[in-house]
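Here's the structure we're looking at; comments come further down.
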Amino acid sequence: MAGIDECLFEAMQIPGALGASVVDWTSGLSLGSVGSAPHQDPEATAAETAELARMAAEHPAFVPDGPDEGATGATSSTGKELPVEDVIVTTRTAYHVLRFVETTFDCSVFFHLWMDRDQGNLALARHRLRDLAERLVLG
Amino acid sequence: MNVTSPMLLRLAAERATGALLRDRGTLYLADGQVVHAESPSSPGLEVLLTASGRLRPEGWREAVDRAGAKGLVGRFLIDSGQLAGGELELCHLSALHDAAFFVLGPSSGPTRFRYGVVHWMGPVHAVPTDRVEREAARRRELLDRLWPYDSVDSAPVVRADRGPASPVTPRQRSVMALADGTKTPQDIARALGRPAFHTLVDIRRLAAAGAVETPRAPAPVPSVPAWVADVGADQDVALLIRLRDALEAAL
């Protein structure tokens, strides 16, 4: 059974992982966090990454063109069939990967993985986070 | 918030189990941590799960009927394969902080604590009391930053005649579609199966953009029905009966 804490623990097994959390991007609530966080403040980090995730999830620039755009757009950012899969921020020393969690109820949650740039592998991390985001809601 | 803080600190320190009753709702504590919260201002867990069709209303009722008395409704929903553990946790935490935001909000009413009261939902995910209080305070600041007028939080909202000054997001569009001048933000949250706070965030953003207004005097804040105060009597009787049984068994 994959709960929030189990998924976060597994996220920390990703090579280079420094810290991981599950965050709600509408409210900025941290639903759980493990490892360390930038400036040792997981709650402030959650609120800041939530702002970034919200912009990616909601701004029209990132919604792909398609027949469903517009009229049915109301359901496209409720956690179901999100237009955006992940957001990656590269700093001089680290990677931040935000992976959206797709749910069948109205929800706005993502994984945040903070990893060391020298030790981390971005492609591997994206792959593992995708699996974790699915397992969190599929059990 | 200032009223409840010392009380919550004390309850956390003594690892208390029971219900903290305020006029905007109830916090349930187990071993000094918050395990559940309910408020008339926020949709309950069942609304979040059934409005989207994720859970059938019959499935929810069956879980309450069969596991409610044992206080294991959450466990039943998972064991019967209706929900994944992670899904329940996400929804439960979302509903808990949503209700706690209103319970811990400014209030002139009394705050009481009933020892021994256990919620029928059962254990899902416990949150330390200071974490719950910090989050409620942070949410209040966030709303004030978006649009510092709380009249839009409780009154019916209506779409403004002129269009919004900035683009409206898909989530905001679904809120605006229901802003018909009769529904309050709480009504809209319930209809969409979204947390009330999330709806307030969208409504304050829309108000700041000039997309919605409040056409009439704010509706009265919903308060807990009077029967909530009576719950205590039954709980006390149940506790006395358990005590008597335990004493008799020991003799």
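The values are calculated or read from the model by the stated rules, or taken from the named source; none is laboratory data. Source: prediction; values computed, not measured. Using ideal geometry, Cβ is built from the backbone for each residue, glycine included, and neighbour counts are taken over all protein chains shown.
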Exercise. If we scan segment B:148-171, do we find a residue that is modelled with pLDDT under 95, within 10 Å of another protein chain (Cβ to nearest Cβ) and outside any loop (DSSP other than H, G, I, E, B)?
Worked result: yes
B:PRO128 fails exactly one of (1) surrounded by fewer than 20 Cβ atoms within 10 Å (Cβ to Cβ); (2) modelled with pLDDT under 95, namely (2)
Counting only residues that are aliphatic (A, V, I, L, M), out of contact with any His (no Cβ under 7 Å at 6 or more places or on another chain) and within 14 Å of chain A (Cβ to nearest Cβ), segment B:15-57 contains a total of 7
The correct count of residues that are of a type in the set (S, T, N, Q), at pLDDT 95 or above and surrounded by 14 or more Cβ atoms within 10 Å (Cβ to Cβ) in segment A:81-112 is 0
Counted residues in segment B:88-112 being within 9 Å of the chain's Cα centre (by Cα), of a type in the set (A, V, I, L, M) and facing another protein chain (nearest Cβ under 9 Å) come to 0
Query raised in the report: Can you find even one residue in segment A:113-132 that is modelled with pLDDT of 95 or more, within 11 Å of chain B (Cβ to nearest Cβ) and within 20 Å of B:GLY86 (Cα to Cα)?
Result: yes
The correct count of residues that are within 14 Å of another protein chain (Cβ to nearest Cβ), in contact with a helix residue (DSSP H, G or I) (Cβ under 6 Å, 6 or more places away or on another chain) and not in a loop (DSSP other than H, G, I, E, B) in segment B:125-147 is 6
Of a type in the set (Gly, Ala, Ser), within 15 Å of the chain's Cα centre (by Cα), in a loop (DSSP other than H, G, I, E, B) and under 23 Å from B:PRO40 (Cα atoms), is that true of B:GLY122? no
Condition set in contact (Cβ under 8 Å) with a residue 12 or more places away in the chain and under 19 Å from A:CYS107 (Cα atoms), scope segment B:61-87, selection nearest to the other protein chains (Cβ to nearest Cβ): answer is B:GLU87
* **Filter result for B:ASP187 (part of a helix (DSSP H, G or I), surrounded by fewer than 20 Cβ atoms within 10 Å (Cβ to Cβ) and more than 10 Å from every other protein chain (Cβ to nearest Cβ))** => yes
Looking across segment A:21-67 at residues that are buried (at least 21 other Cβ atoms within 10 Å of the Cβ) and in a loop (DSSP other than H, G, I, E, B), the single one that is farthest from the other protein chains (Cβ to nearest Cβ) is A:ALA37
Restricted to segment A:89-132 and to residues being in a helix (DSSP H, G or I) and in contact (Cβ under 8 Å) with a residue 60 or more places away in the chain, the residue farthest from A:SER30 (Cα to Cα) is A:LEU124
Expected single match for on the phi > 0 side of the Ramachandran plot and within 16 Å of the chain's Cα centre (by Cα) among B:GLY25, B:GLY44, B:GLY18, B:GLY32 is B:GLY25
Of A:LEU18, A:LEU8, the only residue that is touching a strand residue (DSSP E or B) at 6+ places or on another chain (Cβ under 7 Å), at pLDDT 95 or above and assigned to a helix (DSSP H, G or I) is A:LEU8
